[in-house]
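Undergrad: This is the structure I have questions about; it appears just below.
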Amino acid sequence: MPGKAAIILGNSHLSSVILHLQDRPAEVYGSDDSIQYYVFDTVKHGAGFPFSIDSGGGRYILNPAVLEMIKAKVPADREILYISMYGGNAHNVLTLKEHPRPFDFVVPWRQDLPIDNNRELVSFAYIHRFLKKLTEAYELNMTTLQNAARELGGHAFHFQSPPPVRDNAFILHHLEDWFKSDQPVEVAAPLLRYKMWLAHSKIIADYCSGIGMEFLETPQSAKDRDGYLLEEHGRDSTHAGPSFGKILLNQFEQRLGLRYDGWAWL
Amino acid sequence: MKSPYHSLPSYTRWSKVVAEPPYSHVDPVTNFPWKVEPEDKVATAGSCFAQHIARHLRQSGFNYYVVEDGHPIGDEAQKEHFNFGTYSARYGNIYTPRQLVQLFERAFGTFEPQEQVWTDKNGRFVDPFRPNIEPDGFSSEAELFADRRQHLAKVRHMFETLNVFVFTLGLTEAWRSKADGAIFPVCPGVAGGTYDSEKYEFYNFRASEVIADMERFLELLGQVNPSARVILTVSPVPLIATAEDRHVLVSTTYSKSALRVACDEIERSRENVAYFPSYEIITGAFNKGRYFAEDLRNANEEGVSHVMRLFLQHATDFDPARIPAPKAIEEPNFIEQMMHVVQTTCEEELIEASLSDR
C-alpha cells in the first residue's frame, strides 16, 4: 500500500504550508508510511472558487470539480486524507485594528485573562454571535469536505489558524497596505487580539466537534509561553510564514507516523 | 339655580365624550401641564407596555434617550436580541415602584442586595435583577459583575442627565428577598435561581406603599436632577397570574387601581409630574375591548397607536415636518471596512504565496 495523500483545501492560511513545501525535499519515496500533499491551487482555480455548491434543494456538497482534481492528480492506490485550512481570519475583523469604540470581553474558559475596566464590556455571547456570522461561510466548506471524506471512507482534519504575534510593532511593521489609511494605524492591544483569536478558535473547534472533523491545534513549539505566535513564524500582520507551515506538517506527520514524500498543486 | 356641573367643560360629561363619539375619537387627555420638546432627552422605564412608548417616541423623531445602545460590533438586529435600546438602559422590565427605587439606589451605591447572582438550568449566570437581559445568560460571574457595574454607571448617568422620565407602573405584586427586601422582577426559579421559601416571599404592595415609593423615587431623582420632569402611566396589561389566592381578575383590578390611585396622588402634589391616561385609553369601555389582542392581555397596535397619537398631540408640539433627518454617518462603518480589507488581504496573501513557486 503505497502511502497516503493529503488533500489540503483552504484559503489564505494555506500560504504558510505552500511556502514551506516549496523548498522541502522528500524524505522517502512511495513507501507505506509516506505522505504526499496535494494543495489547492488558488492561482489556477481562483480565489473565488466555490468549494461548496448547492446540489439542489439547498443541500450543499463539496464541489465535484475538487474530486475531479483529486482523481486527475492523486495516484489511485493512495489512501486519501483531507485537510481543511478554510477561513481563519474572522477575528482580525474585530481586533487587528483598535475599534473606534474600545471594548473588552471575558473569555469564559480563560478567567485568568484580565479585562480592562476602562473599556466597554461586551459579553462573550455578543462577540460570539458576531464572529459566528463571519465563520458560517467557511464552516459550510468544512461540512461539505467532512461529508465528502466520510462518503469516500477518508478522514478529515482542520488546522487551527495561527495565533497572533504578540508584539504590536511587528504587526505594524508587517501591516499590509490595505489596512493602512491616512490616519496612523492603531493596532489593538495584544491581549485583546489574543482573546479574539481564542474566541474564534473555540467556534471552529466546537464546529469541528459537531461535524466529526478532527481539530488540530497549533503546535506548542510555535507559540510563546502565553500562547502567542512566536515572531519568527509570522509572515504579515495576519498570517504565518513557512516555518510555521513546517511545524504544522511535521506535527501532522508525527501524529500519523508518516514521512514526507513530496507535494503537488491540485 | 344651576348646579356647578353646568359650568364644567364638556369633557366632564360621560355621554358626550365617552359614549357618543366614535371610539377612535375618544380623547381623555385634558390640561396636560407641560410639553416634551424635540430636544428633550426622554428616558423610559417600566413594565412591558413601556416598550411601546419607547418604540413610538423613537419612530416619531423624538430624542429617545438611550444610554446603553449596544456596541456597534452588533447590527440593529443583534442589539435588539441582546435587549439594547428596549429601554433607555439595559435594565429590563421594572414592574413596581419599589423596584424603581432600588434600581436608583443600586445605581448610586446606596443599596447593594445580598443576592448577586443566580444560575439558570443550563448553568449560565443570571442577574437576579435583570434575569432575561442576556438572552442565554452570562458566561461567567466575572462577566455578569462587569456588565452590571457598567450598566449601573450608565443608569446613574441617565438619571442625572435626562430631561423627561416616562415610567409605566405595572404591578403591585412582587417577590422579594426576606434578607434585605430586594425586589426581583420575576419570581426566583422562573428565569434562573431556585425558589426557596426560607429566602423569598411574595408581597403585594398596598396603595399607600406605592405612593410612598413613588414619592421616594421622585425625591431621589430631584436630588441628582432637579429639573427632571416625569410622566407616569399605568400599564393596561392585566396580570398574567396572581400569587394571591383569588381570581386573577380581582387581583388585576386591585393592582391597577392601587397604581392609578398612586399616580393621581403624586400628580396632584408635584408640578413636575404628569399622568398620561394610557390605561384609560386601552381599557375604556368605549372601545369595547378592541384594543386588546386575542389573549385579552396585550394591547394591540391599534390601541397603542391611539395612545401615542394622543401623547404626541397633548404632551408635545409634535409637527411631522419637524422630524429630524437621520444624521449622516460621519465615519465609515469600521466593521464593514475591516471585513472588506481582511477578505482582500487574505486573497492577495494566498495568491502571492501561490505565485512564488512559479
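The values are calculated or read from the model by the stated rules, or taken from the named source; none is laboratory data. Quick caveat, the model's predicted, so the values are computed rather than measured. In this analysis, Cβ positions are derived from the backbone assuming ideal geometry, glycine residues included, and neighbour counts consider all displayed protein chains.
Undergrad: Taking the condition more than 17 Å from A:TYR37 (Cβ to Cβ) and part of a helix (DSSP H, G or I), does A:GLU253 pass? Don't jump to the end; show me each part of the working.
TA: Details: more than 17 Å from A:TYR37 (Cβ to Cβ): no; part of a helix (DSSP H, G or I): yes.
The answer is no for A:GLU253.
Undergrad: Being away from every other protein chain (no Cβ under 14 Å), assigned to a loop (DSSP other than H, G, I, E, B) and of a type in the set (A, V, I, L, M) is the requirement here; does B:VAL66 meet it? Let's see the steps before the verdict.
TA: Numbers: away from every other protein chain (no Cβ under 14 Å): yes; assigned to a loop (DSSP other than H, G, I, E, B): yes; of a type in the set (A, V, I, L, M): yes.
It is true that B:VAL66 is away from every other protein chain (no Cβ under 14 Å), assigned to a loop (DSSP other than H, G, I, E, B) and of a type in the set (A, V, I, L, M).
Undergrad: Is it true that some residue in the range A:202-216 is touching a helix residue (DSSP H, G or I) at 6+ places or on another chain (Cβ under 7 Å), at pLDDT below 95 and surrounded by fewer than 20 Cβ atoms within 10 Å (Cβ to Cβ)?
TA: Scanning the range A:202-216 turns up no residue that is touching a helix residue (DSSP H, G or I) at 6+ places or on another chain (Cβ under 7 Å), at pLDDT below 95 and surrounded by fewer than 20 Cβ atoms within 10 Å (Cβ to Cβ).
Undergrad: While we're here: Within the group B:ARG98, B:ARG124, B:ARG149, B:ARG106, which residue is in contact with a Phe, Trp or Tyr (Cβ under 8 Å, 6 or more places away or on another chain) and within 14 Å of chain A (Cβ to nearest Cβ)? Before the answer, list the steps.
TA: Working: B:ARG98 fails: within 14 Å of chain A (Cβ to nearest Cβ); B:ARG149 fails: in contact with a Phe, Trp or Tyr (Cβ under 8 Å, 6 or more places away or on another chain); B:ARG106 fails: within 14 Å of chain A (Cβ to nearest Cβ).
Every option except B:ARG124 fails the conditions.
Undergrad: I'd like to check something: does the range A:155-169 contain any residue that is crowded, with 19+ Cβ neighbours inside 10 Å, of a type in the set (S, T, N, Q), touching a residue at least 40 places away in the same chain (Cβ under 8 Å) and touching a helix residue (DSSP H, G or I) at 6+ places or on another chain (Cβ under 7 Å)?
TA: yes
Undergrad: Then there's this: Of the conditions (1) within 14 Å of chain A (Cβ to nearest Cβ); (2) modelled with pLDDT under 70, B:HIS340 satisfies every one except a single condition; which number is it?
TA: (2)
Undergrad: Scan the range B:162-170 and tell me whether some residue there is away from chain A (no Cβ under 12 Å) and surrounded by fewer than 22 Cβ atoms within 10 Å (Cβ to Cβ). Please lay out each step first, then the result.
TA: Taking the range B:162-170 and keeping what is away from chain A (no Cβ under 12 Å), we get B:162-170.
Add one more test, that the residue is surrounded by fewer than 22 Cβ atoms within 10 Å (Cβ to Cβ), and what stays is B:163.
There is at least one residue in the range B:162-170 that is away from chain A (no Cβ under 12 Å) and surrounded by fewer than 22 Cβ atoms within 10 Å (Cβ to Cβ).
Undergrad: I'd like to know if the range B:69-76 contains one or more residues that are buried (at least 20 other Cβ atoms within 10 Å of the Cβ), out of contact with any Gly (no Cβ under 7 Å at 6 or more places or on another chain) and more than 14 Å from every other protein chain (Cβ to nearest Cβ).
TA: No; the residues of the range B:69-76 include none that is buried (at least 20 other Cβ atoms within 10 Å of the Cβ), out of contact with any Gly (no Cβ under 7 Å at 6 or more places or on another chain) and more than 14 Å from every other protein chain (Cβ to nearest Cβ).
Undergrad: A further question on this structure: With (1) surrounded by 20 or more Cβ atoms within 10 Å (Cβ to Cβ); (2) farther than 18 Å from B:GLY46 by Cα as the list, and B:GLY189 as the residue in question, which single condition is left unmet?
TA: (1)
Undergrad: Identify, please: which residue in the range B:37-63 is aliphatic (A, V, I, L, M) and in a helix (DSSP H, G or I) and is, among those, nearest to A:PHE103 (Cα to Cα)?
TA: Initially, the range B:37-63 is screened for residues aliphatic (A, V, I, L, M), giving B:42-43, B:45, B:50, B:53-54, B:57.
Add one more test, that the residue is in a helix (DSSP H, G or I), and what stays is B:50, B:53-54, B:57.
Values: B:ALA50: 30, B:ILE53: 31, B:ALA54: 27, B:LEU57: 29 Å.
Out of the qualifying residues, it is B:ALA54.
Quick grid of which residues meet (1) on the phi > 0 side of the Ramachandran plot; (2) in contact with a strand residue (DSSP E or B) (Cβ under 9 Å, 6 or more places away or on another chain); (3) surrounded by fewer than 20 Cβ atoms within 10 Å (Cβ to Cβ):
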residue: A:GLY46; (1), (2), (3): yes, no, yes
residue: A:PHE49; (1), (2), (3): no, no, yes
residue: A:LEU62; (1), (2), (3): no, yes, no
residue: A:LEU67; (1), (2), (3): no, no, yes
residue: A:GLY88; (1), (2), (3): yes, yes, no
residue: A:LEU96; (1), (2), (3): no, yes, no
residue: A:PRO100; (1), (2), (3): no, no, yes
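Undergrad: Output the number of the condition that B:THR110 fails; it satisfies all remaining conditions of (1) within 22 Å of the chain's Cα centre (by Cα); (2) closer than 17 Å to B:PHE217 by Cβ; (3) surrounded by fewer than 23 Cβ atoms within 10 Å (Cβ to Cβ).
TA: (1)
Undergrad: Checking the condition among the small types (Gly, Ala, Ser), surrounded by 22 or more Cβ atoms within 10 Å (Cβ to Cβ) and out of contact with any His (no Cβ under 9 Å at 6 or more places or on another chain), which residue from B:SER269, B:SER235 passes?
TA: Values: B:SER269 fails: surrounded by 22 or more Cβ atoms within 10 Å (Cβ to Cβ).
Among B:SER269, B:SER235, only B:SER235 is among the small types (Gly, Ala, Ser), surrounded by 22 or more Cβ atoms within 10 Å (Cβ to Cβ) and out of contact with any His (no Cβ under 9 Å at 6 or more places or on another chain).
Undergrad: For residues in the range A:1-54 being closer than 19 Å to A:ALA156 by Cβ and assigned to a loop (DSSP other than H, G, I, E, B), which is farthest from the other protein chains (Cβ to nearest Cβ)? Quick ask: steps written out before the conclusion?
TA: As a first pass, look at the range A:1-54 and keep what is closer than 19 Å to A:ALA156 by Cβ: A:3-11, A:13-14, A:17, A:35-40, A:49-53.
With the extra rule that they be assigned to a loop (DSSP other than H, G, I, E, B), the set shrinks to A:3, A:11, A:13, A:40, A:49-51.
Working: A:GLY3: 23, A:ASN11: 6, A:HIS13: 8, A:PHE40: 9, A:PHE49: 11, A:PRO50: 14, A:PHE51: 13 Å.
Taking the candidates together, the pick is A:GLY3.
Undergrad: Please tell me if A:PRO75 is crowded, with 17+ Cβ neighbours inside 10 Å and not in a helix (DSSP H, G or I). Before you say what the answer is, go through the steps one by one.
TA: On the way: crowded, with 17+ Cβ neighbours inside 10 Å: no; not in a helix (DSSP H, G or I): yes.
Answer is no for this residue.
Undergrad: Could you tell me whether any residue of the range A:146-156 is acidic (Asp, Glu) and modelled with pLDDT under 95? Can you show your working first?
TA: Within the range A:146-156, the first condition is being acidic (Asp, Glu), and the residues that meet it are A:151.
Now narrow it down to the ones that are modelled with pLDDT under 95: A:151.
Yes, some residue in the range A:146-156 is acidic (Asp, Glu) and modelled with pLDDT under 95.
Undergrad: Out of B:GLU80, B:GLU143, B:GLU115, which single residue is surrounded by fewer than 20 Cβ atoms within 10 Å (Cβ to Cβ) and in a helix (DSSP H, G or I)? Full working, then the answer.
TA: Working: B:GLU143 fails: surrounded by fewer than 20 Cβ atoms within 10 Å (Cβ to Cβ); B:GLU115 fails: in a helix (DSSP H, G or I).
Step by step, each of B:GLU80, B:GLU143, B:GLU115 is checked, and only B:GLU80 is surrounded by fewer than 20 Cβ atoms within 10 Å (Cβ to Cβ) and in a helix (DSSP H, G or I).
Undergrad: Taking A:ASP104, is it of a type outside the set (Phe, Trp, Tyr) and either within 12 Å of chain B (Cβ to nearest Cβ) or touching a residue at least 60 places away in the same chain (Cβ under 8 Å) (or both)?
TA: Yes; evaluated as a whole, the condition is true for this residue.
Undergrad: Does B:VAL66 fit the bill of being of a type outside the set (Lys, Arg) and surrounded by 20 or more Cβ atoms within 10 Å (Cβ to Cβ)? Write out each step before concluding.
TA: On the way: of a type outside the set (Lys, Arg): yes; surrounded by 20 or more Cβ atoms within 10 Å (Cβ to Cβ): yes.
Yes.
Undergrad: Take the conditions in a loop (DSSP other than H, G, I, E, B), within 14 Å of chain A (Cβ to nearest Cβ) and buried (at least 22 other Cβ atoms within 10 Å of the Cβ) and apply them to B:GLU134. Does it pass?
TA: On the way: in a loop (DSSP other than H, G, I, E, B): yes; within 14 Å of chain A (Cβ to nearest Cβ): yes; buried (at least 22 other Cβ atoms within 10 Å of the Cβ): yes.
Taking the combined requirement at face value, the residue satisfies it.
Undergrad: I need the full set of residues from the range B:272-296 which are assigned to a helix (DSSP H, G or I) and surrounded by 13 or more Cβ atoms within 10 Å (Cβ to Cβ), in order please.
TA: The answer is B:SER278, B:TYR279, B:GLU280, B:ILE281, B:ILE282, B:THR283, B:PHE286, B:ASN287.
Undergrad: Identify the single condition in (1) farther than 25 Å from B:ALA182 by Cα; (2) part of a loop (DSSP other than H, G, I, E, B); (3) free of Cβ contacts under 8 Å to residues at least 40 places away in the same chain that B:ALA241 does not satisfy, given that it satisfies every other one.
TA: Of the numbered conditions (1) farther than 25 Å from B:ALA182 by Cα; (2) part of a loop (DSSP other than H, G, I, E, B); (3) free of Cβ contacts under 8 Å to residues at least 40 places away in the same chain, the odd one out for B:ALA241 is (1).
Undergrad: Ok, one more. Considering B:PHE318, B:PHE276, B:PHE292, B:PHE311, which residue is under 20 Å from B:ALA50 (Cβ atoms), more than 14 Å from chain A (Cβ to nearest Cβ) and at pLDDT below 90? Let's see the steps before the verdict.
TA: On the way: B:PHE276 fails: at pLDDT below 90; B:PHE292 fails: at pLDDT below 90; B:PHE311 fails: at pLDDT below 90.
Selected residue: B:PHE318, the only one of B:PHE318, B:PHE276, B:PHE292, B:PHE311 that is under 20 Å from B:ALA50 (Cβ atoms), more than 14 Å from chain A (Cβ to nearest Cβ) and at pLDDT below 90.
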